[in-house]
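Asker: Once you've had a glance at the structure underneath, I'll fire off some questions.
The values are calculated or read from the model by the stated rules, or taken from the named source; none is laboratory data. Everything numeric in this text was worked out from a predicted model, so none of it was measured. Using ideal geometry, Cβ is built from the backbone for each residue, glycine included, and neighbour counts are taken over all protein chains shown. Just the protein is used for accessible areas: all its heavy atoms, side chains included, with ligands, DNA and RNA removed. Shrake-Rupley method; radii C 1.70, N 1.55, O 1.52, S 1.80 Å.
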Amino acid sequence: FVPCHTYQRYPQPTTNNNMSRTDGRKLVTLAAAATVGALGVGTIYLPFMADRDKIRGLSEEGEESMPEGARREMQAMKKSAAVAAEQQRELQQQLQRGQRQQEEDQKQQRQKASAGSMWSSFRRNS
């Protein structure tokens with residue numbers, strides 16, 4: 001017969017654990033807060049509030065920071081873009097003038113064709 005005071009129905013937790021249950025909860029809470037904080041900074045602060053040029057490394061945007069060769073190349077590109085835009089504008093104007101001329105020609109042809117009787121289109125050519 002075993003005495004009742006020595007019989008243990010459930011095993012007691014050992015006391016040699018280094019971390020208690022509350023420490024584990026604090027650790028999980030801390031990890032969740034860090035994750036939410038990192039996502040918040042990544043989705044809200046960086047795209048909208050941070051200086052985008054500094055993040056991209058473009059904070060040195062002065063004339064003195066650009067090499068002479070690159071500056072000349074950019075000026076040449078701007079000039080060629082301006083010339084191309086001017087040519088495009090001239091081509092567009094020529095097309096519009098051509099379309100207006102065609103519309104005027106069509107109006108004149110309609111006026112010439114409409115002269116005469118309204119029954120002329122129903123006559124037989126015999």
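Asker: Based on this model, can you work out whether ARG56 counts as open to solvent by 60 Å² or more (accessible area, probe 1.4 Å), modelled with pLDDT of 85 or more and of a type in the set (Lys, Arg)? So that I can check it myself, show each step before the final result.
Answerer: Details: open to solvent by 60 Å² or more (accessible area, probe 1.4 Å): yes; modelled with pLDDT of 85 or more: no; of a type in the set (Lys, Arg): yes.
In short, no.
Asker: With respect to ASP23, is the statement that it is assigned to a helix (DSSP H, G or I), at pLDDT below 70 and open to solvent by less than 100 Å² (accessible area, probe 1.4 Å) true? Can you show your working first?
Answerer: Working: assigned to a helix (DSSP H, G or I): yes; at pLDDT below 70: no; open to solvent by less than 100 Å² (accessible area, probe 1.4 Å): yes.
It is false that ASP23 is assigned to a helix (DSSP H, G or I), at pLDDT below 70 and open to solvent by less than 100 Å² (accessible area, probe 1.4 Å).
Asker: Within region 43-53, work out how many residues are surrounded by 10 or more Cβ atoms within 10 Å (Cβ to Cβ) and either modelled with pLDDT under 70 or over 28 Å from the mean Cα position of the chain (by Cα) (or both).
Answerer: Pass one, region 43-53, residues surrounded by 10 or more Cβ atoms within 10 Å (Cβ to Cβ): 43-47, 50, 52-53.
Subset that is either modelled with pLDDT under 70 or over 28 Å from the mean Cα position of the chain (by Cα) (or both): 50, 52-53.
Going through region 43-53 one residue at a time, the tally reaches 3.
Asker: Do we have any residue at all in region 61-80 that's of a type in the set (D, E, K, R), modelled with pLDDT under 65, touching an Asp or Glu at 6+ places or on another chain (Cβ under 9 Å) and not in a helix (DSSP H, G or I)?
Answerer: Checked region 61-80: at least one residue is of a type in the set (D, E, K, R), modelled with pLDDT under 65, touching an Asp or Glu at 6+ places or on another chain (Cβ under 9 Å) and not in a helix (DSSP H, G or I).
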